[in-house]
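Single-structure report; data block below.
The values are calculated or read from the model by the stated rules, or taken from the named source; none is laboratory data. Computed from a predicted model, the values in this text were never measured in an experiment. Neighbour counts are summed over all protein chains in view; Cβ atoms, including those assigned to glycine, are modelled from backbone coordinates with ideal geometry. What goes into the accessible areas is simple: the full protein's heavy atoms, side chains included, and nothing from ligands, DNA or RNA. Shrake-Rupley method; radii C 1.70, N 1.55, O 1.52, S 1.80 Å.
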Amino acid sequence: MDKKLIAIDLDGTTLNNNSEVSQKTVNTLNKVMDLGHVVNIVTGRPPRLVTDIYNEIGLDNPLISFNGSLGYNPLAKWNHAYEYNIEKDVVFDILNHADELGINLMAVEGKQLFLANREADDEIGFFPTHLAPEEFITEENLTEDPVCLTLQISPDKMSKFVDYINDNYGDTLQISPWGGPDSIVELAAKDISKKTGLEVLSDYYGISQDNIIAFGDEFNDETMLKYAGLGVAMKNGQPKIKALADDITEYDNDQNGLARYLEKYFEI
């Protein structure tokens, strides 16, 4: 069998409904790697919410985070490392219009960057309920261009926010909604997606598109699943994602669906 690149999404795919990676999944991924294949995390999560999972699986290779906007190896220098940034002046411009655009919470992130405009009253997404002085978005604290902005917007002003971003930054930024009840959106560099990261990994390993297997469940996995030679949607995935996938797991993410699919595929 040719060497395979296995790209795994985290939430709703590799992780169960408690955001944990099961021991069965860890064991199966390591068996696959022992066969000579490579496993890479390709996630929308920021690095700070990936490191523990990366270590638990026992990886030592590059990972893709922020939905393709950042690629790096947490353990070593990687000559294919990259990041797509948002100019910090854009952050302050958007923040200066917070009231009129209905921005309640705003976080800016990079590989080692995390700042927010204020403390959240309750746990919403991953916004912090406590911030140290150096963790607030200020000109003094924000000294580098971030990779991603995450915002919680008042639902009645969402259309105004979207219009403002498209009118002023439509040529450089893209808006991606999280879904769910909290009206959370992400801003990132335009035309960057998980496919971006997968292309870099494919080039780095010298593994052809036909030998890529990608697993996902949500809308942000669409480009990755379409690009892969075998795009596999989770049983618990969005209907649109399952419709475009080449295959669907027999079991969901809370039933070790990823691991069980790999066991059957590689006959291990």
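Rundown of residues vs (1) under 30 Å from Glu267 (Cα atoms); (2) modelled with pLDDT of 95 or more; (3) not acidic (Asp, Glu), yes/no style:
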position: Val38; (1), (2), (3): yes, yes, yes
position: Gly68; (1), (2), (3): no, yes, yes
position: Leu75; (1), (2), (3): no, yes, yes
position: Ala98; (1), (2), (3): no, yes, yes
position: Gln112; (1), (2), (3): no, no, yes
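Of a type outside the set (Ser, Thr, Tyr), touching a residue at least 60 places away in the same chain (Cβ under 8 Å) and buried (at least 21 other Cβ atoms within 10 Å of the Cβ): is that true of Ile6 in this structure?
Numbers: of a type outside the set (Ser, Thr, Tyr): yes; touching a residue at least 60 places away in the same chain (Cβ under 8 Å): yes; buried (at least 21 other Cβ atoms within 10 Å of the Cβ): yes.
Judged against the criteria, Ile6 is a match.
Looking at this structure, is Leu151 closer than 23 Å to Pro47 by Cβ and under 20 Å from the mean Cα position of the chain (by Cα)? Judged against the criteria, Leu151 is a match. A search for C-beta distances below 9 Å between a residue of segment 184-210 that is closer than 16 Å to Ile86 by Cβ and modelled with pLDDT under 95 and any residue that is basic (Lys, Arg) and open to solvent by 30 Å² or more (accessible area, probe 1.4 Å), counting only pairs 6+ apart in sequence or on different chains, returns nothing. The residues of segment 9-33 that are within 20 Å of Lys194 (Cβ to Cβ), part of a loop (DSSP other than H, G, I, E, B) and open to solvent by less than 50 Å² (accessible area, probe 1.4 Å), listed by number, are Asp9, Leu15, Val21. Considering segment 71-96, the residues that are in contact with a helix residue (DSSP H, G or I) (Cβ under 7 Å, 6 or more places away or on another chain), open to solvent by 10 Å² or more (accessible area, probe 1.4 Å) and not hydroxyl-bearing (Ser, Thr, Tyr) include one that is nearest to Thr51 (Cα to Cα), namely Pro74.
Is it the case that some residue within segment 233-256 is closer than 30 Å to Asn79 by Cβ, modelled with pLDDT of 95 or more and crowded, with 23+ Cβ neighbours inside 10 Å? The answer is no, given that none of the residues of segment 233-256 is closer than 30 Å to Asn79 by Cβ, modelled with pLDDT of 95 or more and crowded, with 23+ Cβ neighbours inside 10 Å.
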